[in-house]
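Participant: One structure is given below, represented as structure tokens, and several questions about it will come after.
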Amino acid sequence: MGQIGYFFNIIFTFPIFNVLMVLYRIIGDFGLSIIVLTLLVKLILFPLTLKQLKSMKATQALQPQMAEIRKKYAKDQLAQSRAMQDLYKEYGISPLAGSCLPLLVQMPVLFGLFYALSAVLRNAKVVGDINKLLYPFIPAFAHFPNIYLTWFTFISSALHLSTPWQISLGVPDPTHILPVLAAIATFIQVRMSQPKSMATAKDAMSQQMKIMQYVSPIMVLVFGWNYAAGLALYRSEEHTSE
């Protein structure tokens, strides 16, 4: 990646990594640290979320005009699509951007978290590998951070298993529970973000939004299935906290 990768690390990966380490120092649980990071990201992106809600409300207000356009150009999909775009432009509305912009903006954060969890924590062998990535004003660790999700150890106790049931958040989830939950949460969020009238609309913009409600969950599932479980936990909490 060269210079691009270097600047990406400076802007996203290293800050996210250091925030996670600070949260871990405060909370003492890596899974909870990721959840708190999720809430912080949502707080930062709240202006975009607000813009999304306003766009949805404005689109709903245009339903009578949109219905007229569909009726007028029922046999000419190209003309219908152009008329819809003109209507959106006239009122300064971008339904696709309003629905997908927050998701697109979160992608650099998601990739930054990916590198912080997968490329850094998974590849770190000793505590010194962690400490050298900390900012100078953050105290160094004396012991390697515990990056295991231990919330379900009661299951192994109930089943009298010899080893506690825990998941490393730095590697793919072997149970695949987290990526499946993240994909379901993504589908629900994208589906709920679309105006109800989009379900029967056939213009190009509506069709693109319909496609997104299936493409996004699949991407999240594939990503969470193959990469660090901490990413799936982040995506699950990000959507369930909507």
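Participant: Round to the nearest 10 and report in Å² the accessible area of Y6, as given by a 1.4 Å probe over the protein chains' heavy atoms.
Facilitator: Rounded to the nearest 10, that gives 130 Å².
Participant: Something else about it: Please list H176, H143 from largest to smallest accessible area, probe radius 1.4 Å, with all protein chains kept in place.
Facilitator: I get H143, H176, largest accessible area first.
Participant: Still on this model: Expected output is a single nm value to one decimal: the length gained when fully extending between Y135 and F111, i.e. 0.36 nm times separation in residues minus the C-alpha distance. What is it?
Facilitator: 6.6 nm
Participant: Let me ask you something else. Using a Förster distance of 45 angstrom, determine the FRET efficiency expected from the C-beta separation of W151 and K57, and round it to 0.05.
Facilitator: Efficiency at R0 = 45 Å is approximately 0.75.
Participant: Hey, another quick one. Within 10 Å, count the other beta carbons around each residue, average over each peptide in 21-30, 222-231, 42-51, and list them highest first.
Facilitator: Packing order, densest peptide first, comes out as 222-231, 21-30, 42-51.
Participant: Would you work out the relative contact order for segment 20-96, in percent, from Cα pairs under 8 angstrom that are 6 or more residues apart?
Facilitator: Answer for segment 20-96 is 22 percent.
The values are calculated or read from the model by the stated rules, or taken from the named source; none is laboratory data. Note that the structure is a prediction, hence the values are computed from the model and not measured. Reconstructed Cβ throughout: ideal geometry from the backbone, glycine too, with neighbour counts over all protein chains shown. The area values use the complete protein model at the heavy-atom level, side chains included, leaving out ligands, DNA and RNA. Shrake-Rupley method; radii C 1.70, N 1.55, O 1.52, S 1.80 Å.
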